[in-house]
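Asker: The structure's right below; bear with me while I get my questions together.
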Amino acid sequence: MKTVLTNDPVEAAEFIKRGGVVAFPTETVYGLGANLFNENAIANIFKLKKRPANNPLITHVSSVDQIGELVADIPLRAEKFIEAFFPGPLTIVLYRSGKVPSIATAGLDTIGIRMPRLKLANEFLSACQVPVVAPSANISGRPSPTKWQAVSEDMFDKVDCILQGDQTEIGLESTVVDCTGDVPLLLRQGAISIDELRRVVGNTQVYKHVKGDVARSPGLLHRHYAPRASVHIVRNASQVTGAEDAAFIGLKSFGLPFKRERILSSADGYAQAVFEFFRDCDRRTIKTIYCEPVPETGIGAALMDRLRRASER
Ligand code: TXA
Ligand code: MG
């Protein structure tokens, strides 16, 4: 298949209407989109990404009005999150309606819903005129793409169209909060922190997966976000061996002769850069990446979550 590259959201939306798969930017990472009501198109997403069938997809909307038909009901706690954070980097999980095809939610009776705030994403989703399911536009297990070129690396000639936007602003996937119970549960850390969620719904908790427990968010069980290189989280130069053949990313230089080094001036900059840095190291066949840890406040909690997952083998 020939992949069409465009920066026109209306042209990209035409492919969704015809049952195709379109990669598009959001403020978090690039997504791989299909019409929520087209089961064949959704099946293609699972195939293209090599995604396990038990990992549900997030449904993207262009307006809050689209949520009603997708869910059984909207409890007050969810209304508060929507009011505070939509559009933005938050996914809320609610009980789904009968209209949602079960392939989209991997057979779960719940649905994850998000309304991106990036203007180009909103223009694209509006033009699609249907809700759009979209996982991150990477092959499963690889770092999520934050540039259209990274999407192209994984998906060229596999998807119908890539909507070309800028490098994504946040660089890490959305915060996921399960609102099906009285106590909202933070399933995945993202740019919206637990403190921000609690300011809106005070009893929100961080979900801790217990071994043997049925997975609330199956995606959390899969190995994620990892480059081919091995990733190590290190606090200082004494924990590093063989800097000449390795790469480093962090907030301050260790003063070692790394083959490649990226120093960011803030945790936000680090979060935005980290997945692309991982991919860049892979392109250069660097085998070892050292990452400096950051304090786990604000975006730091999400960044440390991704670094830890990338470092697990
Ligand atoms: O920022 C993002 O969320 C990006 C952009 C494209 O929107 N999308 C994204 O999708 O990261 P994906 O498929 O890579 O990750 C979706 C996460 C997975 O951990 C999945 O298990 C969880 O959301 N999820 C989706 N639906 C769910 C549901 N009904 N219940 C629990 N978890 C759900
Ligand atoms: Mg993903």
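Asker: Among the numbered criteria (1) away from ligand 1 (no atom under 12 Å from the Cβ); (2) under 20 Å from residue 179 (Cα atoms); (3) touching a strand residue (DSSP E or B) at 6+ places or on another chain (Cβ under 9 Å), which one does residue 99 miss?
Answerer: So the condition that residue 99 fails would be (3).
Asker: If we scan the stretch 27-39, do we find a residue that is of a type in the set (Asp, Glu), at pLDDT 95 or above and surrounded by 19 or more Cβ atoms within 10 Å (Cβ to Cβ)?
Answerer: Looking for residues that are of a type in the set (Asp, Glu), at pLDDT 95 or above and surrounded by 19 or more Cβ atoms within 10 Å (Cβ to Cβ), one finds at least one in the stretch 27-39, hence yes.
Asker: From the set of residues in the stretch 35-48 that are within 13 Å of ligand 1 (Cβ to nearest atom) and under 10 Å from residue 159 (Cβ atoms), which is farthest from the chain's Cα centre (by Cα)?
Answerer: Among residues in the stretch 35-48 that are within 13 Å of ligand 1 (Cβ to nearest atom) and under 10 Å from residue 159 (Cβ atoms), the one farthest from the chain's Cα centre (by Cα) is 48.
Asker: I need every pair where a residue in the stretch 287-313 that is among the hydroxyl-bearing types (Ser, Thr, Tyr) and exposed (fewer than 15 other Cβ atoms within 10 Å of the Cβ) has its Cβ under 9 Å from the Cβ of a residue that is part of a helix (DSSP H, G or I) and at pLDDT 95 or above, sequence separation at least 6 or different chains.
Answerer: So the pair list comes out as 297/195; 297/267.
Asker: Next question. What strands (runs of 3 or more DSSP E) lie completely within the stretch 216-313 and have 2 or more residues being among the basic types (Lys, Arg)?
Answerer: 260-263
Asker: Among the listed residues 118, 172, identify the single one that is modelled with pLDDT of 95 or more and under 30 Å from residue 231 (Cα atoms).
Answerer: Just a single option satisfies the conditions, and that option is 172.
Asker: Does residue 142 qualify as being basic (Lys, Arg), at pLDDT below 95 and within 15 Å of ligand 2 (Cβ to nearest atom)?
Answerer: yes
Asker: Being modelled with pLDDT of 95 or more and either surrounded by 14 or more Cβ atoms within 10 Å (Cβ to Cβ) or over 23 Å from residue 121 (Cα atoms) (or both) narrows it down to one residue among 84, 53; which is it?
Answerer: After applying the criteria, what remains is 84.
Asker: Keeping to the stretch 27-50, report how many residues are in contact with a His (Cβ under 9 Å, 6 or more places away or on another chain) and within 12 Å of ligand 2 (Cβ to nearest atom).
Answerer: The qualifying residues number 1.
Asker: Filter the stretch 167-182 down to the residues that are within 15 Å of ligand 1 (Cβ to nearest atom) and either surrounded by fewer than 20 Cβ atoms within 10 Å (Cβ to Cβ) or over 13 Å from the mean Cα position of the chain (by Cα) (or both) and list them by number.
Answerer: 167, 169, 177, 178, 179, 180, 181
Asker: Could you tell me which residue of the stretch 11-26 is nearest to ligand 1 (Cβ to nearest atom), considering only residues that are crowded, with 20+ Cβ neighbours inside 10 Å and not small (Gly, Ala, Ser)?
Answerer: Among them, the one singled out is 26.
The values are calculated or read from the model by the stated rules, or taken from the named source; none is laboratory data. The structure displayed is predicted, hence computed values, not measured ones. Glycine also receives a Cβ, built like all others from the backbone with ideal geometry; neighbour counts cover every protein chain displayed.
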